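Inspection log for the structure reproduced underneath, given as structure tokens.
Just so you know, all these numbers are worked out from the coordinates, no wet-lab data involved. All values derive from a computational prediction rather than experimental measurement. Ideal geometry is used to build each Cβ from the backbone, glycine not excepted, and the neighbour counts take in all protein chains shown.
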Amino acid sequence: MFTGLVEEVGKISKIETKGSGLTLSIHGSKVMSDLAIDDSISVNGACQTVIAVKGNEFRVDTVKETLLKTTLGSFKVGDSVNLERALQVTDRLGGHIVQGHVDCVGRVHSITTVSGGGWELWISFPDQFAKYVVPVGSICINGVSLTVARVRNAMCMLAIIPHTLAVTTIGALTVNAQVNIEFDILAKYVENMIGLQKHSSSAYDSLMDQPDL
């Protein structure tokens, strides 16, 4: 589990094909202080398992399913990526609960620079996910925990402060760029519970409507 508070920006140093997946070598600094094999790490919002650590570099195997659902398959050597180690029980939960399970790939619709150097960033996403996005709710974009400012159809606007632009890869985004999106897990649990409750109620009503034998 993660918080969406990026610890540092790393760089892709090597990409190797491995069956239907890829092995990514990533250069880091801060995250390398205690990173070990089998640790979970968020790479641009996608939870990956560390398979090797050497010096200031670690490796992860990215499987076909991840490549289909995220932007990791479009990485090139030299690309910058947001990195966050898994949350420790003693850490402050400064962002929101992030699993590193990317729901979909969205697209940057527009970027407007505002007074003070921040951005108003509009992100579009597939229609079926609109139910998970609410004003002042949480959303994770490329591993960064952000607050939804406004919602319009299947788009949301995020007010990005200059600090976030400086310490993550958000500041490198351009119009039409693809981004990894993870929606708030709490919304998905609520949806599932309500759906199951409705199903149970319908089944009970159907049973009660049956004539006595």
Review point. Sequence-distant or interchain residues sharing an amide H contact under 5 Å with E7, placed H: which?
Key: L83, E84, R85
Exercise for review: Calculate, in nm to one decimal, what E8 and D34 gain on full extension: separation in residues at 0.36 nm each, minus their alpha carbon distance.
Suggested key: 7.9 nm
Check your understanding: For the chain, how big is Rg over Rh, using alpha carbon atoms and the Kirkwood form of Rh?
Key -> 1.07
Check your understanding: Roughly speaking, what is the stretch gain from K131 to T90, that is 0.36 nm per residue apart minus the C-alpha to C-alpha distance, in nm to one decimal?
Key -> 11.5 nm
Point to revise | Packing-based order for 124-131, 157-164, using average beta carbon neighbours within 10 Å, highest first | key: 157-164, 124-131
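Can you tell me the order of 11-20, 44-53 when each peptide is scored by its average per-residue count of other Cβ atoms within 10 angstrom, highest first?
Output ranking for 11-20, 44-53: 44-53, 11-20.
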Review point. How high is the relative contact order of the chain, in percent, with contacts defined as C-alpha pairs under 8 Å that are six or more residues apart?
Key: 22 percent
Exercise for review: Within region 56-93, find all residues whose amide N lies under 18 Å from a label point positioned 7 Å from the Cα of Q178 along Cα-to-beta-carbon.
Suggested key: 62-82
Study note, to complete from the structure: Rounded to the nearest Å, the spacing of the alpha-carbon centers of region 1-44 and region 57-130 is 13 Å
**Study point:** GNM top mover of V114, V89, V134 - the chain, alpha-carbon springs below 10 Å
**Key:** V89
**Study point:** Proximal lysines relative to K64, as straight alpha-carbon distance under 19 Å, when same-chain residues fewer than 8 apart are discounted
**Key:** K14, K18, K76
Practice item. Using only Cα atoms, figure out Rg for region 1-74 and give it as a multiple of 2.2 N^0.38 Å. Key: 1.03
Point to revise | Length released on extending from A149 to S115, taking residue separation times 0.36 nm less the Cα-Cα span | key: 10.6 nm
Check your understanding: So what's the angle, to the nearest 10 degrees on a 0 to 90 scale, between helix 185-208 and the longest Cα principal axis of the chain?
Key -> 20 degrees
Revision key, fill the gap. Sorted by chain and then number, the residues having a modelled amide H within less than 5 Å of the amide H of R150, at least 5 places away or on another chain, are M157
Check your understanding: Going by a ≥ b ≥ c, the root eigenvalues of the Cα gyration tensor, does region 22-113 fall in the rounded group (a/c under 1.5), the prolate group (a/b larger than b/c) or the oblate group?
Key -> oblate
Point to revise | Sequence ranges 32-41, 100-109, 178-187, ranked by mean other-Cβ count within 10 angstrom, highest first | key: 178-187, 100-109, 32-41
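Run the helix sum for the chain: -39,500 (n - 2.57) per DSSP H stretch of 4+ residues, divided by residue count, reported at 222 nm to the nearest 500 deg cm²/dmol.
-5000 deg cm²/dmol
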Point to revise | Sequence-distant residues sharing a close amide H with D39 (under 5 Å, placed H) | key: V50
